[in-house]
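A.B. asks: Below: one structure in C-alpha cells.
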Amino acid sequence: MSEACTAQPIIIDTDPGYDDAFAILLALAAPELQVLGLTTVAGNVTLDIVSDNARRIVELAGRPNVAVHPGADRPLLRPAAHAFDIHGSMGLNGYDWPPPARPPSAVHALDWMLQTLAASADRTVTLVALGPQTNVAMLLRRAPALAARKLRRIVCMGGNYFAGGNASPAAEFNILVDPEAAAIVFACGIELVAMPLDCTNTALTPVDWISDLASLGTEIGTACAGMMGFLKPPPGQATRPLHDAVAMAWMLWPELFEGRLCNVEIETASPLTLGATVVDWRGRTARPKNCLWINGCNAPEMYARMMERLARLPG
Ligand code: BDR
Ligand code: CA
C-alpha cells in the first residue's frame with residue numbers, strides 16, 4: 001500500500017503561535033499524516049490573526065490547498081485572553097511573513113468539522129488540539145455521537161501536574177483560557193492523549209536548534225530560525241520548548257514518549273486554581289481513566305527527527 005493510503009487523517013485545531021507553526025509544518029512534512037484541514041481558535045492572539053497565520057504557514061509549506069476554517073473567537077463562557085507577550089504582536093514574530101495569498105475559508109470550523117467527520121470512515125480521524133479547546137468542546141456538544149463514531153482519538157497539548165503552570169501558578173495556558181471547554185473534552189469518553197507541560201518543559205530545543213534551522217537553506221528554515229530567535233528563553237534556561245510540536249511528534253513517534261493512563265479532571269470553580277489539571281497519577285480514586293497523560297520523552301531523538309522532517313519541506 002502507498003503511504004497516501006495508510007496516512008492517518010488528522011484535523012489540526014490551532015492558534016498559531018510559534019510552536020503551533022512548528023507543529024503544523026511537522027504534520028505537513030510527514031507522509032504518515034494526511035492533514036484534512038486546519039481549524040483556528042482564539043488563543044495566543046486573536047482569531048483573525050491566528051487564521052491569517054495558519055494561511056501563511058500552509059502557503060509557506062507549499063500546501064496552499066490545505067484549508068483554514070476560523071472557529072471560536074472567544075472561550076465558551078469567559079472573555080478572550082491572549083499571549084502577545086510570548087508570541088509577539090502578530091503571533092509569529094521574528095520573520096517577515098508576507099500577507100496570505102488566500103483568505104481563510106468562509107466555512108466556520110464547526111460546520112467544516114461536522115461535514116468532514118460525516119464524510120469520514122468510522123474511528124479514523126485524529127483531532128489534534130493545539131490551542132484552547134473551545135472548538136473541540138463545541139463539536140462534542142453539537143454532535144457527540146458523530147464525534148464518538150468518527151474520531152479515532154483526540155490528542156491535545158495542554159495541562160500540567162508535576163510541572164507548575166505557565167499561565168498561572170496552577171494552570172497551563174490552553175486549559176486556563178477555556179477551562180469549561182477543557183472539562184467537556186476531558187469528560188467526553190473518546191480516547192484522549194494529553195501532552196502537558198510535564199513533558200514539554202523537559203523537552204527543550206537543542207542548543208544548536210536555531211543555527212541548524214538556518215542551515216537548512218530554505219525559506220522555511222529561515223522563518224523557523226527567525227521565530228526562535230525572537231523568543232527569549234526564560235531566565236535560567238538556554239533554550240525554549242516547542243510545546244505544540246512535541247504533541248505532533250507524539251503522533252509520529254509515540255515510542256519516544258512515556259506516560260500513564262489516568263483520570264484527569266479540570267478545575268473550573270476555584271479562583272485560586274482555575275484551569276488546574278488534577279491527575280490521579282497514583283490511582284487514588286475510582287474515577288474512570290480518561291486520558292493518557294504523557295510525562296516524558298527522548299527529546300534529543302525527537303528534535304533530530306523533527307529537523308530531518310522540516311528539511312523535507314520545499315521552499
Ligand atoms: C501552549 O500555549 C500556547 O501559548 C502554545 O501555543 C501552546 O499551545 C503552551 O502552554
Ligand atoms: Ca498553541
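The values are calculated or read from the model by the stated rules, or taken from the named source; none is laboratory data. This structure is a prediction, so every number in the text was calculated from the model and none was measured. Methodologically, a virtual Cβ is constructed for each residue, glycine included, from the backbone with ideal geometry; neighbour enumeration extends over all protein chains shown. Side chains are part of the model used for accessible areas, which takes the heavy atoms of the whole protein and leaves out ligands, DNA and RNA. Shrake-Rupley method; radii C 1.70, N 1.55, O 1.52, S 1.80 Å.
A.B. asks: May I ask you to list the residues in region 49-88 that are closer than 22 Å to Ala223 by Cα, away from ligand 2 (no atom under 15 Å from the Cβ) and without any contact (Cβ under 8 Å) to a residue 12 or more places away in the chain?
C.D. replies: Asn65
A.B. asks: I've got another one for you. When you look at Ile175, is it of a type in the set (Val, Ile, Thr), within 16 Å of ligand 2 (Cβ to nearest atom) and either touching a residue at least 60 places away in the same chain (Cβ under 8 Å) or farther than 24 Å from Ala21 by Cα (or both), yes or no?
C.D. replies: Spelling it out, Ile175 is indeed of a type in the set (Val, Ile, Thr), within 16 Å of ligand 2 (Cβ to nearest atom) and either touching a residue at least 60 places away in the same chain (Cβ under 8 Å) or farther than 24 Å from Ala21 by Cα (or both).
A.B. asks: Between a first residue in region 186-213 that is in contact (Cβ under 8 Å) with a residue 12 or more places away in the chain and a second residue that is among the aromatic types (Phe, Trp, Tyr) and open to solvent by 70 Å² or more (accessible area, probe 1.4 Å), which pairs have beta carbons less than 9 Å apart while being 6 or more apart in sequence or on different chains?
C.D. replies: Here the result reads Pro196/Tyr161; Pro196/Phe162; Leu197/Tyr161; Leu197/Phe162; Asp198/Tyr161; Asp198/Phe162, each pair linking region 186-213 to a residue that is among the aromatic types (Phe, Trp, Tyr) and open to solvent by 70 Å² or more (accessible area, probe 1.4 Å).
A.B. asks: Separate question: Considering only region 101-164, give the helices (runs of 4 or more DSSP H) lying wholly within it that have at least 2 residues that are closer than 30 Å to Trp281 by Cα and open to solvent by less than 10 Å² (accessible area, probe 1.4 Å).
C.D. replies: Correct list: 134-142.
A.B. asks: Within region 17-50, work out how many residues are in a loop (DSSP other than H, G, I, E, B), farther than 16 Å from Ser105 by Cβ and not polar (S, T, N, Q).
C.D. replies: Qualifying residue count, region 17-50: 8.
A.B. asks: Which of the residues belonging to region 233-259 are at pLDDT 95 or above, more than 17 Å from the chain's Cα centre (by Cα) and under 15 Å from Ala163 (Cβ atoms)?
C.D. replies: Within region 233-259, the subset at pLDDT 95 or above is 242-259.
Then drop every residue that is not more than 17 Å from the chain's Cα centre (by Cα), which leaves 255-256, 258-259.
Result: Glu258, Gly259.
A.B. asks: Here is a check on your reading of the model: is Arg63 touching a Leu at 6+ places or on another chain (Cβ under 8 Å) and open to solvent by 50 Å² or more (accessible area, probe 1.4 Å)? Break it down into steps so the answer makes sense when it comes.
C.D. replies: Values: touching a Leu at 6+ places or on another chain (Cβ under 8 Å): yes; open to solvent by 50 Å² or more (accessible area, probe 1.4 Å): yes.
When the stated conditions are applied, Arg63 passes them.
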